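Below is one structure, written out as structure tokens, with a few remarks after it.
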């Protein structure tokens with residue numbers, strides 16, 4: 001299948017130069033700063049049931065890590081009860097706070113360099129340097145410092161393989177069959193966590209899973225005829241989707257002085273998309289823009305909305321990160337299964353095939369046995385496709401989320417966001433090696449700008465206001 005773009009030397013390594021050109025002080029944690037309610041860093045109040053509240057102190061001098069916000073300055077625990085679906089729940093805030101990045105929130109561990117909590121008015125989330133200095137792992141070439149960062153970087157690398165492997169599967173399978181297989185395997189891997197999902201979170205997790213399904217299905221359709229690297233770069237438009245939702249849903253102030261890093265990221269991202277899409281032969285006429293590009297943008301809408309809603313739930317219930325993820329995968333598998341059933345039976349005159357040559361494949365016994373589970377794994381001619389399906393289902397979808405939850409609590413939100421922002425670069429690298437896909441100069445420059453936009457969202461707004469000479473008084477903005 002031919003690509004829309006010229007096969008010339010790729011320029012995606014330019015992004016690494018942009019990363020190295022950014023001052024490291026921009027990502028350092030100030031003494032106190034307000035986290036903007038937008039992708040990729042955002043934290044909210046932590047919640048848990050009464051049965052989860054426990055004193056985990058190991059000695060009389062160690063403070064309890066479980067505390068409840070009270071309206072007084074005393075340190076005693078004050079219960080705040082509410083009824084949710086007939087169950088009595090109590091909400092508390094762990095004294096260590098939480099760490100969030102790209103739709104995942106976990107409780108910050110003692111070794112984390114920062115702690116994020118609500119302010120005393122419960123209106124804004126602020127992050128502070130972890131004052132437990134003796135516990136914080138200091139930067140250096142030590143195992144304790146390097147392994148969580150290396151693990152999160154590996155997660156980003158593995159995420160990048162989803163795009164070329166998705167295209168590889170789409171070349172051999174109907175897009176609907178490839179997506180349903182991948183998501184079913186991921187759901188099976190995470191199914192033990194699904195039974196741990198709290199009843200109060202089932203409905204919101206299912207709604208969130210609907211948007212997750214939109215992201216995965218749109219991504220798969222885009223990969224039918226669009227280069228894998230392009231799909232990945234356009235998927236990074238979540239840096240615009242999440243702030244937009246913060247304004248529309250939370251009525252959050254998002255002026256340039258309120259969130260300069262968000263505006264810089266959004267402008268850089270849009271310029272990158274412009275170079276990526278309009279810099280080819282089609283020029284400003286948009287002739288180079290295809291249906292795959294539209295589906296790629298819709299992918300960003302689905303995942304961006306999912307990140308926005310998921311972080312709200314996980315920040316409130318950080319112990320539910322994996323159960324919520326299991327529900328998201330389950331909903332994605334369900335919607336992908338419906339798509340596969342309709343596509344496989346030729347519904348709507350084959351319109352749901354989206355360019356796949358295998359029409360009504362469920363009605364053909366030979367195709368059905370090779371394109372569905374478990375037959376896919378027993379067909380020698382489909383061995384590479386079966387391996388790709390197993391890898392994307394078990395490893396890069398299910399396993400990666402487990403890896404994120406393990407590593408995230410030991411880092412700052414900014415560090416985690418920068419590491420995960422490298423995903424499109426890895427997608428371009430693996431697309432080159434696995435499916436011989438090459439980037440044009442415009443693709444490389446546009447992609448580098450989009451990745452730089454993802455990194456920009458992690459810049460501390462206080463540091464940026466100082467550098468830009470912005471006079472800002474938070475009290476005057478309320």
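Of note:
- Residues listed by number, region 211-235, amide nitrogen under 18 Å from residue 171 label point at 7 Å toward C-beta: 220-232
- Cα centroid of region 141-158 to Cα centroid of region 389-434, whole Å: 11
- Taking a ≥ b ≥ c as the square roots of the eigenvalues of the Cα gyration tensor, region 223-358 is oblate, since a/c reaches 1.5 or more and a/b is not larger than b/c.
- Modelled spin-label separation between residue 110 and residue 206, with each label point placed 7 Å from Cα along the Cα-to-Cβ direction: 4.1 nm.
- Added length on full extension, which subtracts the Cα-Cα distance from 0.36 nm per residue, residue 364 to residue 406: 10.7 nm
- Inter-label distance for residue 147 and residue 267, nm, one decimal - labels placed 7 Å from Cα along Cα-to-Cβ: 4.4
- Residue 466 versus residue 341: modelled label distance in nm, points set 7 Å from Cα along the beta carbon direction: 5.8
- Length gained when the stretch residue 249-residue 191 is fully extended (0.36 nm per residue, less Cα-Cα span): 17.7 nm
Every number here is computed from the coordinates shown, using simple stated rules; none is lab data. These figures come from a predicted structure and were not determined experimentally. Counting neighbours? That spans all protein chains shown, and the Cβs are built from the backbone with ideal geometry, glycine included.
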